[in-house]
Structures are given as structure tokens and as C-alpha cells.
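For reference, the structure is listed below as C-alpha cells.
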Amino acid sequence: MRKPSSAPLGLNFVERMATRLEEMPPPRKAERTREILKVAAARALEKRGYSQLRAIDISNEAGMSEGIFYKYFKDKIEICHEVLGEFMHYVPMQRHAFDVGMVDSPFSAILRANIAWFACARANSQMIRSVFQFQDSESSFAGRSQRVFREWHDVTLRKVLDHYPEGVADRDTVEILLYALGGMIDEMTRLLWVNPNRSLLHLLERNSIADEDLAEVMTVIWYRTIYPSLPLPEIRSSVGQAMIALGKSGLLTERP
């Protein structure tokens, strides 16, 4: 069966912010108030998304007056730059599980990264949705998020190229493939958790495809694309096995 929608323990960004504030509060009152407002903004974003967010929602969440909010932040744009900017740096930490050479095989590295990303996306779906909304609204934040993505992209590209003998893999070709594969993962994230597609969710439910199963399918596609000459390890999910069987069935005869 599909996994429940509850957030995996320890992956929810907002709860991590709240825990950090509780365990390591800033020494100065003004700094503490500012951090309280940021946590409140994150909680409000989880509930309403960026598009529907108002300054009063943040101050109510913090248990403060709206006047206090405007003492520390110009508007919701300023506080969202800070909160969602911090979230954007949190997300790649989950994707950096892609450590080729640090685990048993490239397949294991990609699979761990995809499982980690799906778990992070499920735990922070509303925050990811807010990021997309904020990008569409504020070009300065769109540029910022693209730079963060580029950092992750460059790390991944370097790790893939390092796995090949020098001069064998064309850098530009691998980079184009990574853009395509990353787009596939991002679109699946949108369809599952950001703007849920009912038909897809029903399809997964009907076939009892869990997050880990889907991550394995995505991994097979990544692995076959980036490392086509390497053999596949044992595939555990039924949907993954069916996909492999489809690949071995041969090409369909082209009809006139």
C-alpha cells in the first residue's frame, strides 16, 4: 500500500526550525523575536502556501501583533526570502545522498538519493509548493533557487564523470542527460505532492506502489541512462521488475 501522508520523523523543515529555536535560542530578545516570526512564517506557509499568505497570518501564528511583524520585516516578501531561502539550502542536503564511490555501487548511490528526496518531498510538500509560488512571483528568488540547483547539479555531474575513465564520457552530453533526469524527478514530485494528480495517485494506490518502489523505478531509468554498460542489480519492486521485463520483450513491429 502507499505510505501514509504523515511526515517522516526528522525530515520536516519547519519542525527542525522550531526545534533549533527551542534548543538554541538567540541570546538577544530582538533576535529571538525575529526567529519566532520566521518559524511562524514557515508554519503559515505550510498551511496557506505563499500565494495566500498575509502578514497577519504570520503574526497570528506567532501570537504577536501585526505591528511587531512590521518592526522586524518590511513585508511577507522579505521574510519569505529568508525562510524559503534557508529551505532551499536544506533541500540539497537530502539529494547529496548521491555519493558514488562511497556506497556499494552507483545504483545504490542513486537509489539512496531518490529515496531520500522522495521522503524529503513528502515531509515538506507545502514548503516546496511555496517555493514554486514564490519563484513565479519574485524573479530575484527564482535566480537564487536556480543557483542552489546549479550547485547540486555541478556536484552530481562531477560525481558521475568521476565514475568514468578520464576522457570517456563527454561532459556536455552527461550534463544534458542530468537536466533531463532531474526534470523527470521534479515533475514526479509536483504530481505526487505539490499539485497532486488524482489519476496518478489512484494508479499507484491500485498497484500498491510505495514511495521506495517508485524511487527504484526512477533509479532504473537514471542508471540505464547514465551507466548503460553496467549490469542492473536485482530489482525488488514488482513495478521495477515489470519495467525490466518490458525492456527485454523486444521492439514492437512498426505498423504502416
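For the structure I just gave you, tell me whether R144 is of a type in the set (K, R), more than 16 Å from A121 (Cα to Cα) and in contact with a Gly (Cβ under 7 Å, 6 or more places away or on another chain). First the steps, then the outcome.
Details: of a type in the set (K, R): yes; more than 16 Å from A121 (Cα to Cα): yes; in contact with a Gly (Cβ under 7 Å, 6 or more places away or on another chain): yes.
Yes, satisfied.
Scan the stretch 194-245 for residues that are more than 23 Å from the chain's Cα centre (by Cα), in a helix (DSSP H, G or I) and in contact (Cβ under 8 Å) with a residue 24 or more places away in the chain and jot them down.
Hits for the stretch 194-245 are S238, M243, I244.
Taking the stretch 13-36, which residues are in contact with a helix residue (DSSP H, G or I) (Cβ under 7 Å, 6 or more places away or on another chain) and surrounded by 15 or more Cβ atoms within 10 Å (Cβ to Cβ)? Explain how you work it out, then say what you get.
Keep residues of the stretch 13-36 that are in contact with a helix residue (DSSP H, G or I) (Cβ under 7 Å, 6 or more places away or on another chain), which gives 13-14, 17-18, 21, 25-26, 33-36.
If the condition is that a residue be in contact with a helix residue (DSSP H, G or I) (Cβ under 7 Å, 6 or more places away or on another chain) and surrounded by 15 or more Cβ atoms within 10 Å (Cβ to Cβ), then F13, V14, M17, A18, L21, T33, R34, E35, I36 are the ones that fit.
Looking at the stretch 37-78, which of its residues are exposed (fewer than 15 other Cβ atoms within 10 Å of the Cβ), among the hydroxyl-bearing types (S, T, Y) and without any contact (Cβ under 8 Å) to a residue 40 or more places away in the chain?
Passing the criteria: S65, Y70.
Going through the stretch 41-97 one residue at a time, which ones are among the β-branched types (V, I, T) and modelled with pLDDT of 95 or more?
Applying the first criterion (among the β-branched types (V, I, T)) to the stretch 41-97 yields 56, 58, 68, 77, 79, 83, 91.
If the condition is that a residue be among the β-branched types (V, I, T) and modelled with pLDDT of 95 or more, then I56, I58, I68, I77, I79, V83 are the ones that fit.
Does E151 satisfy being of a type in the set (D, E, K, R) and modelled with pLDDT of 90 or more? Steps first, please.
On the way: of a type in the set (D, E, K, R): yes; modelled with pLDDT of 90 or more: no.
No; evaluated as a whole, the condition is false for this residue.
I'd like the full set of residues that are crowded, with 16+ Cβ neighbours inside 10 Å and either of a type in the set (G, A, S) or not in a helix (DSSP H, G or I) (or both), limited to the stretch 170-192.
Residue satisfying the conditions is G182 alone.
The values are calculated or read from the model by the stated rules, or taken from the named source; none is laboratory data. Since this is a predicted model, take the numbers as computed values, not measurements. Here the Cβ is made from the backbone with ideal geometry for all residues, glycine too, and neighbour counts use every protein chain on show.
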